[in-house]
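Here the structure is laid out as structure tokens; the discussion comes afterwards.
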Amino acid sequence: MRSPFTIFANMSESSIISKQLASERIGKLIWQYSLPAIVGTVVMSLFNIVDRIFIGQGVGPMAISGLALTFPFMNVLTSFGMLVGSGSAARISIALGAGNRDRAESILAHAFMLTFVVSGVAIVASCTFMDDLLRLFGGTEHTSRYAEEYMRIIIPFAFFSALSYNFNSIMRATGYPKQAMWTMIICALVNVVLDPLFIFVFNWGIRGAAWATNIAYGVGSVWVLAHFMRPKSNLRFRPGRFRPDLHIVKSILSLGLSPFSMHMALSFVIVLINVQLLKYGGDLAIGAYGITNSITSLVVMIIIGLNQGIQPIIGYNYGAQLYGRMFSVLKKSVIIGTCVSTLGFLAGMLFPDALVGLFTNDSEMTAMASNALRITVAAFPIVGFQIVAAHFFQSIGKAFTAIVLSLTRQLIFLIPGLFILPRLFDLNGAWAAQPAADLLATLATAIILAVFLKKETARQAQPANRTTTNNP
């Protein structure tokens with residue numbers, strides 16, 4: 001295992017960022033990197049929540065239900081973005097930790113090219129099959145028109161959101177957490193200003209929310225790309241790096257498969273949820289899910305922000321073979337994630353009516369959504385650990401393990417619950433499927449992490465044992 005001082009001596013262009021990642025106090029590093037990331041993800045979550053609040057208050061409860069039908073679409077588009085963005089960010093962190101700046105810049109260039117290729121595929125497929133997909137997603141004559149009106153505007157410009165997400169992650173991974181935070185803040189501010197203007201002043205309804213979103217992401221994409229064109233940036237676009245390299249493409253996609261799989265699975269699961277909710281609760285139940293999902297996603301996005309912040313720290317120290325620091329980051333992050341999810345549990349249990357009331361004044365939907373929120377957050381105190389631990393494996397390049405753990409909570413355990421529990425408890429059973437999956441996923445994650453830590457500890461102890469044996 002190398003010390004930080006050995007690393008610095010061997011690096012011809014040692015940077016302040018690299019020294020911080022390898023030697024700065026862990027608690028300070030987590031705070032320094034994660035706080036901007038958390039602010040960014042919370043702001044982006046509020047970005048979506050603001051859309052739903054304005055649509056719910058300005059258009060009506062059926063519009064909220066229609067917007068909920070777009071969740072699978074939005075998750076699919078985000079999935080393809082994360083396939084490139086998350087994989088690139090993780091690979092760049094590892095390359096920088098190993099002192100290979102040339103490879104990191106090649107990955108950056110490939111991320112730019114892949115963003116357009118992957119987003120193009122998603123856009124064409126979504127536009128071609130939109131009507132069929134909306135029916136599959138649980139749309140009815142009352143809700144599908146709102147969803148289609150929104151998505152016909154959003155989808156053709158989805159490459160803006162992909163660029164914003166992807167290069168925001170890479171910006172953070174290359175040592176610029178504050179600039180990454182400002183990407184999210186700028187996007188959200190543009191959206192918050194334009195939403196009421198387009199919806200209430202111009203009377204564009206749900207179309208206004210869609211155009212506000214597109215413009216906001218367009219501004220964000222210009223911001224992040226300009227950063228990587230600056231001569232003083234830690235990494236930047238260089239013409240010679242844009243030569244396609246299949247090995248780099250595969251390495252990016254292999255690590256991006258974990259968040260991609262998770263979000264694709266989430267899209268599929270949302271479809272199942274919508275179908276079950278429509279069966280047991282009607283159109284209003286889909287709208288209630290849209291509200292509940294907005295609230296719980298805010299808590300989850302805080303933990304995802306934490307993960308985004310610790311990813312370059314874990315990836316760099318893993319690449320630099322500073323395993324003690326890597327495990328210290330994991331331990332502290334699990335504690336933070338658990339505290340955040342527990343606060344989400346308390347808020348959902350104690351103040352459901354107040355939270356739901358932000359989105360709708362409809363008494364029937366308020367009662368349904370408040371009940372759903374209490375049930376959904378029942379297992380939240382343990383969710384923080386599961387999300388952080390699953391992301392840890394992605395940060396160190398263990399793609400398969402990360403994929404499996406990511407899918408447990410959103411697919412492997414959730415789908416059976418969606419089919420079994422509603423038959424036993426009707427609509428409440430559909431709400432209860434998520435906390436049941438959270439419980440089982442956390443148990444599986446704890447077992448896999450414990451096995452990994454045991455093996456890693458034994459592996460690191462072997463050189464010391466051999467040294468002791470050879471020196472009587």
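The values are calculated or read from the model by the stated rules, or taken from the named source; none is laboratory data. Being a predicted model, the structure only gives us computed values, none of them experimental. When we count neighbours, we look across all protein chains shown, and the Cβ atoms used for this are built from the backbone with ideal geometry, even at glycine. Areas reflect the complete protein model, heavy atoms only, side chains present, ligands, DNA and RNA absent. Shrake-Rupley method; radii C 1.70, N 1.55, O 1.52, S 1.80 Å.
Between residue 420 and residue 458, how high is the FRET efficiency from 1/(1 + (r/R0)^6) when r is the Cβ-Cβ distance and R₀ = 51 Å? Nearest 0.05.
Details: r = 40 Å, r/R0 = 0.78.
Efficiency computed from Cβ-Cβ geometry: 0.80.
Over the stretch 397-454, with a single point scatterer placed on each C-alpha, what log10 of the ratio I(q)/I(0) does the Debye formula yield at q = 0.18, 0.19, 0.22 1/Å?
-0.61, -0.65, -0.78
Over 23 Å between Cα atoms, which of 331/455; 332/398; 19/178; 28/332; 19/398; 331/398 qualify?
Working: 331/455 17 Å; 332/398 20 Å; 19/178 18 Å; 28/332 11 Å; 19/398 25 Å; 331/398 18 Å.
With Cα atoms farther than 23 Å apart: 19/398.
Once you order the gyration tensor axes a ≥ b ≥ c over the Cα atoms, which shape class does the stretch 31-183 get: rounded for a/c under 1.5, otherwise prolate or oblate by comparing a/b with b/c? Spell out each step's value before the answer.
Numbers: a/c = 3.53, a/b = 1.75, b/c = 2.01.
Oblate, since a/c reaches 1.5 and b/c is not below a/b.
Along the charge dipole of the chain, Cβ charges K/R +1 and D/E -1, which of 355, 302, 323 sits furthest on the positive end?
Value computed over the given set: 323.
Pick out, in residue order, every one of the chymotrypsin sites (Phe, Trp or Tyr not before Pro) in the stretch 133-210 that is DSSP loop and has at most 13 other C-beta atoms within 10 Å; say none if there are none. All intermediate terms of the calculation are to be shown ahead of the outcome.
Values: sites: 137, 146, 150, 157, 159, 160, 165, 167, 182, 198, 200, 202, 204; in loops: 137, 202, 204.
Hits after loop and neighbour filter: 202.
Is the stretch 102-232 best put as rounded, prolate or oblate by its Cα gyration tensor, with a ≥ b ≥ c the root eigenvalues, rounded for a/c under 1.5, and otherwise prolate when a/b is larger than b/c, oblate when not?
Values: a/c = 3.19, a/b = 1.56, b/c = 2.05.
Oblate is the answer for the stretch 102-232, as a/c is 1.5 or above yet b/c matches or exceeds a/b.
What whole number of Å gives the distance from the Cα centroid of the stretch 309-338 to the Cα centroid of the stretch 145-185?
Going from one Cα centre to the other spans 26 Å.
Could you look at the chain and say what percent of its accessible area is carbon and sulfur, using a 1.4 Å probe and all protein chains? Before the final figure, lay out each step's value.
On the way: 12930 of 19230 Å².
Carbon-and-sulfur percentage of accessible area, whole number: 67.
Rounded to the nearest 500, what is the chain's calculated 222 nm mean residue ellipticity when only DSSP H runs of at least 4 contribute -39500 (n - 2.57) each, over all residues? All intermediate terms of the calculation are to be shown ahead of the outcome.
On the way: 19 runs with 387 residues, N = 472.
Helices in the chain give a 222 nm mean residue ellipticity of -28500 deg cm²/dmol.
Where the only charges are on Cβ atoms (+1 Lys, Arg; -1 Asp, Glu), what is the dipole of the stretch 270-412 about its Cα centre, to the nearest 20 debye? Intermediate values should be presented prior to the final figure.
Working: 7 positive and 4 negative charges, 146 e Å.
Computed about the Cα centre, the dipole is about 700 debye.
Which whole-number value in Å² is the accessible area per residue of the chain, probe 1.4 Å?
Details: 19230 Å² over 472 residues.
Ligands and nucleic acids excluded, the result is 41 Å² per residue.
Of 405, 69, 44, which is farthest along the charge dipole of the chain in the positive direction, counting Lys and Arg as +1 and Asp and Glu as -1 at C-beta?
So the residue we want is 405.
Pairs of alpha-carbon atoms within less than 8 angstrom and 6+ residues apart define the contacts here; what relative contact order does the stretch 98-202 have, in percent? Provide the component values of the computation, followed by the final result.
On the way: 35 pairs, mean separation 27.3, N = 105.
Once divided by the residue count of the stretch 98-202, the mean separation gives 26 percent.
In what sequence, highest mean first, do 414-420, 186-192, 316-322 appear when ranked by Cβ atoms within 10 angstrom?
On the way: 414-420: 17.0, 186-192: 20.6, 316-322: 23.0.
Per-residue Cβ counts within 10 Å, averaged per peptide and sorted highest first, yield 316-322, 186-192, 414-420.
With a ≥ b ≥ c the root eigenvalues of the C-alpha gyration tensor of the stretch 193-271, is it rounded (a/c under 1.5), prolate (a/b larger than b/c) or oblate? All intermediate terms of the calculation are to be shown ahead of the outcome.
Numbers: a/c = 3.79, a/b = 1.42, b/c = 2.67.
Verdict is oblate for the stretch 193-271.
For the chain, what are the DSSP H helices with axial Cα length of 24 Å or more and mean Kyte-Doolittle hydropathy of at least -0.5? Walk me through the intermediate numbers first.
Working: long enough: 26-58 (46 Å, 1.04); 71-97 (37 Å, 1.16); 101-128 (41 Å, 1.04); 177-196 (30 Å, 0.99); 206-227 (33 Å, 0.79); 246-281 (49 Å, 1.32); 283-319 (50 Å, 0.92); 323-350 (41 Å, 1.12); 414-470 (67 Å, 0.44).
Span-like helices here: 26-58, 71-97, 101-128, 177-196, 206-227, 246-281, 283-319, 323-350, 414-470.
Could you calculate the contour length gain from residue 451 to residue 31, that is, 0.36 nm times the residue separation minus the distance between their Cα atoms, to one decimal place in nm? Working shown, then result.
Values: separation 420, 0.36 × 420 = 151.20 nm, distance 2.85 nm.
Gain on stretching residue 451 to residue 31: 148.4 nm.
Determine the dipole magnitude for the chain: charges of +1 sit on the beta-carbon of Lys and Arg, -1 on that of Asp and Glu, nothing else is charged, the reference point is the Cα centre, and the result goes in debye to the nearest 20.
Details: 33 positive and 19 negative charges, 442 e Å.
The calculation lands at about 2120 debye.
Might you report the magnitude of the Cβ-based charge dipole of the stretch 161-308 about its Cα centre, with Lys and Arg at +1 and Asp and Glu at -1, to the nearest 20 debye?
Values: 11 positive and 3 negative charges, 154 e Å.
Charge dipole of the stretch 161-308: 740 debye, to the nearest 20.
Once the mean 1/r over all distinct Cα pairs of the chain is inverted, what Kirkwood radius in angstroms do you read off?
22.8
Measuring from centroid to centroid over Cα atoms, what is the spacing of the stretch 113-135 and the stretch 359-437 in Å?
For the stretch 113-135 versus the stretch 359-437, the Cα centre distance is 26 Å.
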